[in-house]
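Scroll down for the structure; my scribbles are underneath it.
The values are calculated or read from the model by the stated rules, or taken from the named source; none is laboratory data. Being a predicted model, the structure only gives us computed values, none of them experimental. As a convention, Cβ positions derive from the backbone with ideal geometry for all residues, glycine included, and neighbour counts pool all protein chains shown.
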Amino acid sequence: MNKTSTHLIYILPLLSLVTLCGCKPPKNKFTNPRGYDLEQADKFNMPESLLEISGVALHNGNPDTIYSIQDEDGKLFRQKWDIKKQHNTHFASKGDYEDLAILKDQVLVLKSNGSVYVFPVSESSKEETKAVKEFKKIVPKGEYESLYADPETNQVYILCKACPSDKKAKKVSGYVFDFQFSADSAGNNIQLNPAGEFTVDLNPIKELNPKLKASLNPSALSKNLLTKQWYILSSVNKLLLVADAQWNIKEVHRLNSSTFNQPEGLAFDNQHNMYISNEGDELTNGNILKFKYHPGKDMASETVQ
């Protein structure tokens, strides 16, 4: 056999392999909600004190100052965007604090057992506040990480992460409260009055992406006030869901773990930009990722089936 024939024996199979690989480009398993590119983020790395950052919030949607909590200390943190120096206000003893919101100039902080702490946002200028009202046992026994306060309705939403009633059902339960606030001679009068319940049916997750299970452990909840859609984040499942006003899941987006280390917080500013906070670990800083809103732009990529 001559040298040319010998070379062809080795080269032809390689050419065939290259051809086969080239005819079907790999599909992207990570997709984007309409108007956002989850591969293009403005990253704000947190200081060591916020390594375990959980919830994030903005006051009246103002993006100049970021308010946050971490899941061990009863402290509210505030920072200017992209400036690591932070100021914090001690509002409660150590505990597992998971999410926060700001409504009618009041800060609401959710503890994992479902308790909610409320105090004026003006107290964030102090090292410690005593002007705190705690609401205990307002939701059934379970584990909770998701809180949202709607400025348009003055209602507060709490979503289960792991609740006994949801354990065997493919659903997640949520609870709604009317937030009532008034200033009186004795101080601030605040009430969280039960206003209903809701359920998120998880079956559409598998219908929208057969590779996924119809399960969810929500870690954050927010509402896009432009589209009136609900955004539900799950750190355990590495998912971002988009639901309509009636809590019907319409979109399922897998999150890239190289970008989203441990997504725990979710918020939108008054320009509809989206913020997702990630807890850090031994190798990675905690951070907040800002995703700019692009009006009318559909950047969804093809999902692996």
Residue 117: at pLDDT 95 or above, closer than 19 Å to residue 71 by Cα, in contact with a Cys (Cβ under 8 Å, 6 or more places away or on another chain) and not in a loop (DSSP other than H, G, I, E, B), yes or no? no
In this structure, does residue 85 turn out to be exposed (fewer than 15 other Cβ atoms within 10 Å of the Cβ) and either within 17 Å of the chain's Cα centre (by Cα) or at pLDDT 95 or above (or both)? yes
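If we scan region 3-22, do we find a residue that is within 30 Å of residue 107 (Cβ to Cβ) and either of a type outside the set (Gly, Ala, Ser) or modelled with pLDDT of 60 or more (or both)?
Scanning region 3-22, I find no residue that is within 30 Å of residue 107 (Cβ to Cβ) and either of a type outside the set (Gly, Ala, Ser) or modelled with pLDDT of 60 or more (or both), so the answer is no.
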Hey, can you tell me all the residues within region 210-246 that are among the hydrophobic types (A, V, I, L, M, F, W, C), surrounded by fewer than 22 Cβ atoms within 10 Å (Cβ to Cβ) and assigned to a loop (DSSP other than H, G, I, E, B)? 212, 214, 225, 226, 236, 245
List the residue pairs whose Cβ atoms are under 6 Å apart, where the first residue sits in region 71-89 and is without any contact (Cβ under 8 Å) to a residue 60 or more places away in the chain, the second is assigned to a strand (DSSP E or B) and among the basic types (Lys, Arg), and the two are 6 or more positions apart or on different chains. 87/78; 88/75
Does residue 191 satisfy being in contact with a Leu (Cβ under 9 Å, 6 or more places away or on another chain) and over 27 Å from residue 53 (Cβ atoms)? no
Return yes or no: is residue 206 over 18 Å from the mean Cα position of the chain (by Cα), touching a residue at least 60 places away in the same chain (Cβ under 8 Å) and within 19 Å of residue 31 (Cβ to Cβ)? no
Would you please name the residue that is surrounded by the most Cβ atoms within 10 Å (Cβ to Cβ), looking only at residues in region 116-168 that are of a type in the set (S, T, N, Q) and within 19 Å of the chain's Cα centre (by Cα)? 146
Subset of region 47-69 (residues that are surrounded by fewer than 24 Cβ atoms within 10 Å (Cβ to Cβ), assigned to a strand (DSSP E or B) and not β-branched (Val, Ile, Thr)): 67
